[in-house]
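Peer 1: Have a look at this one.
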Amino acid sequence: MCSVFTLKPCNVAIAAASTITEPSWKRKYASASSQVVTNVATIAPKNRSSLLLKQLGIPHTDLRVEEIVERQSSNKEFYSSGSSSFSTDHELSRKIKPELDGEFLDESYERCREICAEYAKTFYLVWCRRTDELVDGPNADYMMTNSTVLNRWEERLEDIFVGRAYDMYDAALTHTISQFPLDIKPFRDMIDGMRMDTWKSRYQNFEELYLYCYYVAGTVGLMSVPVMGISPTSSASAQTIYDAALYLGIGNQLTNILRDVGEDALRGRVYLPQDELAQFGLSDRDVMSGKVTDGWREFMKAQITRARSYFNLAEEGASHLDDASRWPVWTALLVYRSILDEIEENDYDNLNKRAYVGRGKKLLMLPIAYSRAQFRPPALLLS
């Protein structure tokens, strides 16, 4: 159940087994979790942003999102021709221009396009797809018990950021990194999300779940903005636009989780806040039973309300992207949000049914997305 935004990645190297230690956000915000469901259902639109950050998410300072935005928003391109033994995110922003043959590079991008055509239903990043396959693919059982694989993948990622490609797919990413101000931290964070999936199958509260969503999906938004571009006419700050991209990733992943509850339960995984289940008199046993009760319906209503709140926040930034990027982003946003409508149409039975948006409905959303993409709000209000 990794990956969202419908983007995914892959890489390999050496290192001792690593685990994610309890971060400061968990200690600081665990006490707020008991009021999450009640608060999210009653948030007024104009106050939604601040309340989500205070009670339903993790502060950007803890996730170091501001550092990513600062490095990716720089107008300068830094290149290094010396040692490639970099260790910090800042040092890895000093990229080496790759020496790649033109025909080889063209074929590399064509291979990536083939993967997108085969797997993409909304939006896919090939590196993200390959990374996700490490823990969700055919060899997932082996990957789950062998942390060395992800450690090697992270080392390979560092090589990509200093101009060393292992294969044709890496070559395309290496070239992209040399053309856009991409920072390595969102990529590293995504790998941490894959690591989390190897040892964690329950989430005690939304703060824990939010961190997972950030790792596997919010990062996709952060790594996409430099490539999609910000409109030169936008009056919004880079931080607010990146915030909106992050929230779109969070909303997408929450939607994935709600759509796939039944399928994940068959794998012994419950990506739902345990304390919120308890508030509605529910537990893992109810999830595994496949029985849709009134309590389950009420619980799902609150979860859907939260997911929609993140999509609403994402809307405020989608039209500040570059002209060529707005329509596909709006389309992805509307299609993903409509999955929540389908869950409702299924009478909240996501235990036995997988909600999906049919081709006809998707086609009908294209002109709506195009119309919204033409609108340019004067400024964002996400501060």
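Peer 1: In whole percent, how big is the carbon plus sulfur part of the accessible area of the stretch 203-355, probe 1.4 Å, protein atoms only?
Peer 2: On the stretch 203-355, the fraction of accessible area on carbon and sulfur atoms equals 49 percent.
Peer 1: Then there is this: Under a Cβ-only charge scheme (Lys and Arg +1, Asp and Glu -1), can you give me the dipole magnitude of the stretch 214-360 about the Cα centre, in debye to the nearest 20? Show your work: numbers first, answer last.
Peer 2: Numbers: 14 positive and 20 negative charges, 54 e Å.
The dipole of the stretch 214-360 has a size of about 260 debye.
Peer 1: Rounded if a/c is under 1.5, else prolate if a/b is larger than b/c, else oblate: which is the stretch 271-370, with a ≥ b ≥ c the root eigenvalues of its Cα gyration tensor? Provide the component values of the computation, followed by the final result.
Peer 2: Numbers: a/c = 3.53, a/b = 1.96, b/c = 1.80.
Cα axes put the stretch 271-370 in the prolate bin.
Peer 1: State the extension gain, in nm to one decimal, for the chain segment bounded by I368 and E263, taking 0.36 nm per residue of separation less the distance between their alpha-carbons.
Peer 2: Working: separation 105, 0.36 × 105 = 37.80 nm, distance 3.14 nm.
Using 0.36 nm per residue and subtracting the Cα-Cα distance, I get 34.7 nm.
Peer 1: In nm, to one decimal, how far is the M168 label point from the E70 one, both placed 7 Å along Cα→Cβ?
Peer 2: Each label point lies 7 Å from its Cα, and together they span 4.1 nm.
Peer 1: A172: net charge of surrounding residues, Cβ under 11 Å, Lys/Arg +1, Asp/Glu -1, itself excluded? Working shown, then result.
Peer 2: Details: positive: R111, R113; negative: D106, E107, E110, D167, D170.
Net local charge, A172 excluded: -3.
Peer 1: Taking the Cα-to-Cβ direction at K301 and at D323 and moving 7 Å from each Cα, how far apart do the two end points lie in nm?
Peer 2: 4.6
Peer 1: In addition: If I take R0 = 30 Å and measure r between the Cβ atoms of R359 and S235 in this structure, what FRET efficiency does the formula 1/(1 + (r/R0)^6) give, to the nearest 0.05?
Peer 2: Values: r = 38 Å, r/R0 = 1.25.
Calculated value: 0.20.
Peer 1: Would you calculate the separation in nanometres between label points at D294 and V227, each defined as 7 Å from the Cα along the Cα-to-beta-carbon direction?
Peer 2: Rounded to a tenth, the inter-label distance reads 4.9 nm.
Peer 1: Can you pick out the pairs among K301/K362; K185/K301; K200/K301; K200/K353 whose Cα atoms lie more than 28 Å from each other?
Peer 2: Details: K301/K362 23 Å; K185/K301 34 Å; K200/K301 25 Å; K200/K353 25 Å.
Going by Cα-Cα distance, K185/K301 fall outside the 28 Å limit.
Peer 1: Using the Cα centre of the stretch 161-237 as the reference point, and only Cβ charges (+1 on K/R, -1 on D/E), how large is the resulting charge dipole? Debye, rounded to the nearest 20. Please report the intermediate quantities before stating the final value.
Peer 2: Details: 6 positive and 8 negative charges, 11 e Å.
Charge dipole of the stretch 161-237: 60 debye, to the nearest 20.
Peer 1: How much net charge surrounds L366 when only other residues with a Cβ under 12 Å from its Cβ are counted (Lys, Arg +1; Asp, Glu -1)?
Peer 2: Its environment carries a net charge of +4.
Peer 1: Let me ask another. Can you give the FRET efficiency for T61 and K200, using 1/(1 + (r/R0)^6), R0 = 22 Å, r = Cβ-Cβ distance, to the nearest 0.05?
Peer 2: Values: r = 23 Å, r/R0 = 1.07.
Calculated transfer efficiency: 0.40.
The values are calculated or read from the model by the stated rules, or taken from the named source; none is laboratory data. Just so you know, these numbers come straight off a predicted model, no measurement behind them. No Cβ is skipped: glycine too gets one built from the backbone with ideal geometry, and neighbour counts run over all protein chains shown. Note: areas computed on protein heavy atoms with side chains; ligands, DNA, RNA excluded. Shrake-Rupley method; radii C 1.70, N 1.55, O 1.52, S 1.80 Å.
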